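In what follows, a structure is listed as structure tokens, so that the remarks can point back to it.
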């Protein structure tokens, strides 16, 4: 008799886990509170404009290929396009840097802006390369809160040769400052911890692995939009008989005598299961278990303010697929977000124009524009009351950095605030990445993937191990499935 697996939430982690389990004779049901599958990796379409509403960049595309190949899913139609150049950076002093994508171009840039031909930059990259090699053999292959197997212990011991002895164990920003002299290159490096919703001034230096991944493996876009990944997985799940339910919020995870029994939906219906996997913010699960809320000791990651804009005309050619308009005072910006808990006076603004690379995402002669600024995750804050202020500050930065979005050109508009993130995805304060990576504990000892008191309850996704970002979430599904096999099948 097939074992019954219930997945609460249909984010990329939950969908990937469903794909792995359904490939191995499990009876799988997915319950999604919203009306479309995909969680934060989702889609908005209107009047011929097609927007990805969540992640906008793929790193480590081999992780996706491995998932599809292991599960026997046809994926040749998914065209991963290497973005060259990847990002243009615009600074308050008027300077612009198009970040290089080859070693000769990087060397030429460093020759121009860095002391000693960028020796410190290469030292940082060498440290980050060791961190990646160490992580890929240990952190990405096992769960720190679980007793390792003999094979995992052997791999850990073998991998110690990759352990960096210098530069990886201090504060991120201070480590960057010791190695890089150019204010512009420093600010580019400071941005990378925001990929996991964290401040560069409070994050550990081990997050240097993020700029290394981008430099070593590049940044990628999926033609037609990143939601094509979700569509591919969902099509495969349908072929395997996986039951997916949308507009089906779960109000309780049922358990008795320390063992999970199933879930109760908002309709009152009960779905029984042998294993339940929660694919949401792991710190919120106690509300579904009927247990007291977990003490909120760790700081939550950033949220964001997003404008999805369909323009009736094209932007100038000097606006790239990915463009960053930096604030003039980065430290003040993060102090306002994490200390003062307010939207920055002058936010750094990320602009993603997919139609520069993929004309199919907009009507002919038009532009699909995704605009985002970081914001604090403040529970209960009424962001909708500050809409005019938010756009005034964001658009002001864009104007000062030479990017003009005329109001008369906007024919489609959809706005996401932290309040909307919180309401849509049940994320406290709209924190996109769960807990902020402001210590080694929160960076590497994320909320557990297996509930310690309730057998059969597991966690998957960006809020748990190994962390945020699409490739990490897919690795999370692999680790969660291995735990399920270990404790629910092999035990």
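Throughout, read-outs are computed from the coordinates displayed, never taken from laboratory work. All figures in this text were calculated on a predicted structure; none of them were measured in a lab. Positions of Cβ are backbone-derived with ideal geometry, glycine not excepted, and every protein chain shown enters the neighbour counts.
What is region 436-491's relative contact order, in percent, from Cα pairs under 8 angstrom and six or more apart in sequence?
On the way: 59 pairs, mean separation 14.4, N = 56.
So the answer I get is 26 percent.
Looking at (i) 23.3; (ii) 24.1; (iii) 22.5, which value of Kirkwood radius over Cα pairs in Å comes from a calculation on the structure shown?
(i)
Determine, for 217, 459, 64, the number of other Cβ atoms within 10 Å of each Cβ, and report the residues in order from fewest to most. Kindly include the intermediate steps, with their values, before the conclusion.
Details: 217 16, 459 27, 64 23.
In increasing order of surrounding Cβ atoms, one gets 217, 64, 459.
How many angstrom lie between the Cα centre of region 108-145 and the Cα centre of region 192-243?
Using only Cα atoms to place each centre, the spacing works out to 19 Å.
Between the helical axis of 12-22 and the dominant principal axis of the chain, each derived from Cα atoms, what acute angle in degrees is found, rounded to the nearest 10?
Roughly 40 degrees, rounded to the nearest 10.
First measure r as the distance between the Cβ atoms of residue 488 and residue 293, then evaluate 1/(1 + (r/R0)^6) with R0 = 25 Å and state the FRET efficiency to the nearest 0.05.
On the way: r = 27 Å, r/R0 = 1.09.
In this case the efficiency is close to 0.40.
Which angle between 0 and 90 degrees, to the nearest 10, do you get for helix 61-70 versus the longest principal axis of the chain when only C-alpha atoms count?
20 degrees
Rounded to the nearest 5, what % of DSSP beta bridges with both residues in the chain are antiparallel? Provide the component values of the computation, followed by the final result.
Working: 46 of 66 bridges.
The antiparallel proportion sits near 70 percent.
Cβ neighbours within 10 Å, averaged per peptide: list 334-347, 246-259 in order, most packed at the top.
Highest mean packing first, the order is 334-347, 246-259.
Using Cα atoms only, what is the angle between the long axis of helix 119-137 and the major principal axis of the chain, expressed in degrees (0 to 90) to the nearest 10?
It works out to around 10 degrees.
Quick one: check the C-alpha center-to-center distance for region 330-409 versus region 418-491, whole angstrom.
Cα centroid of region 330-409 versus Cα centroid of region 418-491: 28 Å apart.
Using Cα pairs under 8 angstrom and six or more residues apart, how large is the relative contact order of region 302-428, in percent? All intermediate terms of the calculation are to be shown ahead of the outcome.
Details: 218 pairs, mean separation 49.3, N = 127.
It comes to 39 percent, rounded to a whole number.
If we sort 400-411, 225-236 on the protection proxy, mean other Cβ atoms within 10 Å, highest first, what's the order?
225-236, 400-411
Let me have the 222 nm mean residue ellipticity of the chain computed from DSSP H runs of 4+ only, each contributing -39500 (n - 2.57), with the sum over all residues rounded to the nearest 500.
Values: 15 runs with 155 residues, N = 491.
Result for the chain, helices only: -9500 deg cm²/dmol.
Please order 16, 142 by the number of other Cβ within 10 Å, starting at the fewest. Before the final figure, lay out the partial values.
On the way: 16 29, 142 21.
Going from sparsest to densest Cβ surroundings: 142, 16.
What ranking of 157, 110, 289 emerges when the number of other C-beta atoms within 10 Å of each C-beta is taken as an exposure proxy, fewest first?
Working: 157 9, 110 21, 289 17.
The most exposed by this proxy come first: 157, 289, 110.
Tell me, what is the percent relative contact order of the chain, built from C-alpha pairs under 8 Å that lie six or more residues apart? All intermediate terms of the calculation are to be shown ahead of the outcome.
Numbers: 985 pairs, mean separation 109.8, N = 491.
The normalised contact order for the chain reaches 22 percent.
Cα gyration tensor of region 103-215, axes a ≥ b ≥ c as square roots of the eigenvalues: rounded (a/c below 1.5), prolate (a/b > b/c) or oblate? Provide the component values of the computation, followed by the final result.
Values: a/c = 2.60, a/b = 1.89, b/c = 1.38.
Judged from the Cα gyration tensor, region 103-215 comes out prolate (a/c at least 1.5, a/b above b/c).
Students often check this: by mean Cβ neighbours within 10 Å, which of 97-105, 195-203 ranks highest, and how do the rest follow? All intermediate terms of the calculation are to be shown ahead of the outcome.
Details: 97-105: 14.4, 195-203: 23.1.
The densest-packed peptide leads the list: 195-203, 97-105.
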